[in-house]
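Notes follow the structure.
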Amino acid sequence: MSSRNNIILIGFMGVGKGSVAREVIKNSEYMAIDTDDLIESMENKRVKNIFEEDGESYFRKLELDVALWLESSIKNTLISTGGGFYKQKNLKKIATIILLDSPFEKIIKRIKNHPNAAKKLKKRPLLADLKKAEELYKERRPEYLALADIVIDVTKKSALECSNELLKKVKKYA
Ligand code: S3P
């Protein structure tokens with residue numbers, strides 16, 4: 001367990017970090033924050049519009065600002081992140097790192113089966129081209145695995161099942 005008693009959820013876009021985070025909050029004492037939500041409030045702009053109007057590198061700079069703030073200021077919190085946030089260098093100092101893992105096809109299927117599928121795809125600029133997104137997945141997955149303290153395979157599990165597994169594994173890890 002990290003000294004600050006934080007846990008951080010990493011994983012590819014659409015894997016279900018938000019849904020699992022909501023269940024963890026309901027079933028534990030953790031406070032919760034989401035790095036994309038923080039960035040949207042800081043900029044008063046949607047992530048999609050930051051990508052379109054300011055560019056991806058500006059977005060990554062905002063992620064760095066958030067990472068530094070998390071390290072200095074946050075305790076006892078579940079932090080859910082955008083799929084690229086794991087690249088921040090100080091993650092280990094912030095929290096115990098939990099990877100939500102699933103094969104690329106299953107992630108895309110999960111998004112497409114969602115009642116709000118169109119909205120979910122539209123808000124994620126890096127999913128606009130699924131071929132490129134698959135390349136990104138292949139590049140990132142080994143890095144996610146290398147970084148994670150705990151891995152949860154979310155395939156065929158409900159958000160509640162994932163949350164239960166997460167809380168059990170975090171307790172053991174502590
Ligand atoms: C990104 C993932 C998105 C968001 C941004 C970039 C990425 O978050 O941070 O569009 O680089 O994988 P989700 O993982 O919540 O979709």
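Within the shell defined by Cβ-Cβ distances under 13 Å, the residues around Y173 carry a net charge of +2, with Lys and Arg each +1 and Asp and Glu each -1. What does the charge count around D153 come to, taking other residues whose C-beta lies under 12 Å from its C-beta (Lys +1, Arg +1, Asp -1, Glu -1)? Net local charge, D153 excluded: +1. Where both bridge residues fall in the chain, DSSP classifies roughly 0% of the beta bridges as antiparallel. Sequence-distant contacts, meaning Cα pairs under 8 Å at least 6 residues apart, place the relative contact order of segment 7-173 at 35 percent. Net charge dipole, the chain: roughly 500 debye, given to the nearest 20, about the Cα centre with Cβ charges of +1 for Lys and Arg and -1 for Asp and Glu.
Computed from the Cα positions only, the extents of segment 7-173 along the three principal axes stand at 43, 37, 28 Å, in decreasing order. The residue list S72, N113, P142 was ranked by how far each Cα lies along the charge dipole of segment 7-173 toward its positive end, using unit charges on Cβ atoms, and N113 comes out on top.
Here, each number is a calculation from the coordinates, and none is a lab measurement. Values in this document were obtained by computation on a predicted structure and should not be read as measured data. Cβ sites come from the backbone with ideal geometry, for glycine too, and all protein chains shown count toward neighbours.
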